[in-house]
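> Below is a structure I'd like to ask you about.
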Amino acid sequence: MKKRELTVLADELGFGTRLLFQELGDPWGHIAVRLPKESGRDGFMLKHVRVTPPPGDPNAIMMFDYDGKVIEGDRRIPWELPLYTAIFKSRPDVQSVIHTHPLIATALSMAGKTVFAITHQSAPFEHGVPIYGGDMVNTEELGEGLAETLGKRPAALLKGHGAVVVGSSIAHAVQSTLYLEQAAQQQIWAATLGTPQVLDQHLIDFHKKLPPGDGGLALWYTKKHYDAEARGARTRSSRPRKSSKQPKKK
């Protein structure tokens with residue numbers, strides 16, 4: 001496998017974790033993505049959302065096999081590593097797993113509520129994502145329990161703890177995480193006016209049959225574009241300006 005392909009995944013992990021912190025405001029959590037078969041390694045890459053204090057590397061990425069053994073990297077091993085290993089083992093269709101602590105979606109779980117399809121963007125959550133216990137998922141047994149609760153769904157809430165979201169790519173999983181929190185906020189807004197309702201079934205079904213294309217990842221690509229523009233503008237503004245004054249002739 002070409003090194004460039006791993007670099008692309010590393011860049012996506014970097015942007016994804018940055019976006020999750022910017023949007024959710026919480027430094028705890030991770031993004032994990034499978035290592036492609038062409039890499040010759042059976043496992044996944046993982047990046048923390050939080051940044052370690054200097055001299056730690058804020059861009060550090062670790063690699064693990066599906067039993068949780070370190071393949072590469074020297075950051076502290078996440079307590080909840082069994083969350084990732086169990087889901088990757090039980091969901092061969094999943095390429096990326098995210099664990100975060102979205103404030104609003106987590107609050108809903110403590111009110112005995114879940115997140116459901118309230119808009120077109122949240123259609124994949126259908127009639128509601130399942131809720132698992134709020135334990136730190138730090139054992140094989142808890143990881144397997146969470147994977148069983150998640151089933152074939154795109155997300156699950158951890159009661160009073162956070163959420164886990166899966167996707168066919170880093171982009172897909174990150175975007176779904178943001179739409180999970182957006183839907184939770186919209187449900188609370190709707191509840192102040194009446195009873196929030198699940199999107200009509202024919203609209204949920206419509207989103208299951210959308211043709212392939214980049215429109216489904218519009219949020220990811222749009223944010224990535226403007227993030228790159230903003231970072232480029234900051235870089236340009238930090239460069240010393242050349243003087244426009246002409247030297248005096250002697």
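The values are calculated or read from the model by the stated rules, or taken from the named source; none is laboratory data. None of these values were measured; they are calculated from a predicted model. Ideal geometry is used to build each Cβ from the backbone, glycine not excepted, and the neighbour counts take in all protein chains shown.
> Could you please find all residues in region 195-208 being surrounded by 11 or more Cβ atoms within 10 Å (Cβ to Cβ), over 23 Å from the mean Cα position of the chain (by Cα) and in a helix (DSSP H, G or I)?
Correct list: 201, 203, 205, 206.
> Further question: Within region 110-121, identify whether any single residue is outside any loop (DSSP other than H, G, I, E, B) and modelled with pLDDT of 95 or more, and answer yes or no.
The answer is yes; a qualifying residue exists.
> So, in region 125-147, exactly how many residues are of a type outside the set (A, V, I, L, M) and surrounded by 18 or more Cβ atoms within 10 Å (Cβ to Cβ)?
Within region 125-147, residues that are of a type outside the set (A, V, I, L, M) and surrounded by 18 or more Cβ atoms within 10 Å (Cβ to Cβ) number 4.
> Let me ask another. How many residues does region 22-49 hold that are modelled with pLDDT under 95 and in a helix (DSSP H, G or I)?
3
Residue-by-condition table, conditions (1) hydroxyl-bearing (Ser, Thr, Tyr); (2) in a helix (DSSP H, G or I):
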| site | (1), (2) |
| --- | --- |
| 171 | no, yes |
| 178 | no, yes |
| 182 | no, yes |
| 185 | no, yes |
| 189 | no, yes |
| 193 | no, no |
| 210 | no, no |
| 221 | yes, yes |
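> Being without any contact (Cβ under 8 Å) to a residue 40 or more places away in the chain and part of a loop (DSSP other than H, G, I, E, B) is the filter here, so list the residues in region 129-142 that pass it.
Result: 130, 133, 134, 135.
> Based on this model, can you work out whether residue 43 counts as among the small types (Gly, Ala, Ser), within 18 Å of residue 173 (Cβ to Cβ), touching a residue at least 12 places away in the same chain (Cβ under 8 Å) and surrounded by 12 or more Cβ atoms within 10 Å (Cβ to Cβ)?
It is true that residue 43 is among the small types (Gly, Ala, Ser), within 18 Å of residue 173 (Cβ to Cβ), touching a residue at least 12 places away in the same chain (Cβ under 8 Å) and surrounded by 12 or more Cβ atoms within 10 Å (Cβ to Cβ).
> Scan region 194-214 and report the pairs whose first residue is under 16 Å from residue 125 (Cβ atoms) and whose second residue is at pLDDT 95 or above and loosely packed, with under 13 Cβ neighbours inside 10 Å, with Cβ atoms within less than 6 Å and a gap of 6+ or a chain change.
What qualifies is 198/127.
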